[in-house]
1. With buried (at least 20 other Cβ atoms within 10 Å of the Cβ) and not in a helix (DSSP H, G or I) as the only criterion, which of 23, 32 stands out?
2. Is it the case that the stretch 180-194 has a residue that's within 29 Å of residue 43 (Cα to Cα) and without any contact (Cβ under 8 Å) to a residue 12 or more places away in the chain?
3. From the list 112, 125, which residue is closer than 23 Å to residue 206 by Cα, part of a helix (DSSP H, G or I) and over 15 Å from the mean Cα position of the chain (by Cα)?
4. Residues 82, 77: which one is in contact with a helix residue (DSSP H, G or I) (Cβ under 6 Å, 6 or more places away or on another chain) and surrounded by 15 or more Cβ atoms within 10 Å (Cβ to Cβ)?
5. Among the listed residues 99, 119, 173, 135, identify the single one that is more than 26 Å from residue 198 (Cα to Cα), touching a helix residue (DSSP H, G or I) at 6+ places or on another chain (Cβ under 9 Å), surrounded by fewer than 21 Cβ atoms within 10 Å (Cβ to Cβ) and assigned by TED's automatic domain parsing to the domain that holds residue 194.
6. Working carefully through the options 228, 157, 202, find the one that is modelled with pLDDT under 90 and either crowded, with 16+ Cβ neighbours inside 10 Å or in contact with a helix residue (DSSP H, G or I) (Cβ under 7 Å, 6 or more places away or on another chain) (or both).
7. So which residues in the stretch 40-71 are touching a helix residue (DSSP H, G or I) at 6+ places or on another chain (Cβ under 9 Å), in a strand (DSSP E or B) and within 18 Å of residue 146 (Cα to Cα)?
8. Pairs under 6 Å by beta carbon, first residue free of Cβ contacts under 8 Å to residues at least 60 places away in the same chain in the stretch 206-231, partner assigned to a loop (DSSP other than H, G, I, E, B) and surrounded by fewer than 21 Cβ atoms within 10 Å (Cβ to Cβ), six or more apart or different chains?
C-alpha cells in the first residue's frame, strides 16, 4: 500500500490533507480514486490508515480509519556520522542507510576529506539529501524520516559525543588487530540500563580513513574503536555493514 510522510499541520483528529507532490503522485501515478486507501506517516513513529474522499490537482482530502504504531523502527537509535565522500556516495549512504534502519545522519569534514566543501551549495545539497531520506523511508515502510543534519566540523562532532550512549569509531587498524564490533556491542548491551531506546553514534571516515590523531581524539572523547572485519571497506560500505551488524546484535534479526 502506498505511503507518504505528512506534516503534522495537515493531520487532524479524524482527517488529513495530502498536498503538493505527494498528492499528485497518489492521484496521477497511482491513479487513486475516492475510496482508495493509503498510509500516512506523521514522522513521530505512527502510521495512519486513510481513505481518500476527494481528489483535486495537488490536494487530496482523506478520512483516517486507523492509527497504529510503526513496527519498522530499530530498537536502537543509530546515527551515522559520515565524513563527506566524493561524488554522490553520501546519497548512497543516506538511501541505503535509511533502508537499513538508521535514525539520523551527520555529515562532517575530517582531515582526509577529499571533496571540496562549498558552503554556498550546502542548502541545495541538504535539501536533496533530505528528499532522498524521505523517499527511502517511504519505500522501506519506515515510521520516521531520518534527520540529515548540516555538514559540521570534526571538532564540533567530537564535542557532541556526550549526547550518545555509545560512540563506535569504525577504524581499519582495529580490524587488523581483531578488535571487532560484536564484543563492543555485547558489552554495551549487557551494561545499558536505560528505560528507553539506546542512542548510538557511528563514526565513519572518508576514502582515506581517519588520521591517527583523529582516532586518538575520538578515543579520548569516549569513542570505542572497532573493526568491521579483516577486509578494507569502501567508505560508502562501512556504515551499511555496521548497521546490519547492529541490527543483528540488538535482536532485530532474531540473533
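The values are calculated or read from the model by the stated rules, or taken from the named source; none is laboratory data. All figures in this text were calculated on a predicted structure; none of them were measured in a lab. All Cβ positions, glycine included, derive from the backbone under ideal geometry; neighbour counts span all protein chains shown.
1. That would be 32, the only listed residue that is buried (at least 20 other Cβ atoms within 10 Å of the Cβ) and not in a helix (DSSP H, G or I).
2. Taking every residue of the stretch 180-194 in turn, at least one turns out to be within 29 Å of residue 43 (Cα to Cα) and without any contact (Cβ under 8 Å) to a residue 12 or more places away in the chain.
3. 125
4. Unique residue meeting the criteria: 82.
5. 173
6. 228
7. First, the residues of the stretch 40-71 that are touching a helix residue (DSSP H, G or I) at 6+ places or on another chain (Cβ under 9 Å): 40-44, 52, 55-60.
Next, from what is left, pick out any that are in a strand (DSSP E or B): 40-41, 52, 55-56, 59-60.
Selection gives 40, 41.
8. Here the result reads 227/179, each pair linking the stretch 206-231 to a residue that is assigned to a loop (DSSP other than H, G, I, E, B) and surrounded by fewer than 21 Cβ atoms within 10 Å (Cβ to Cβ).
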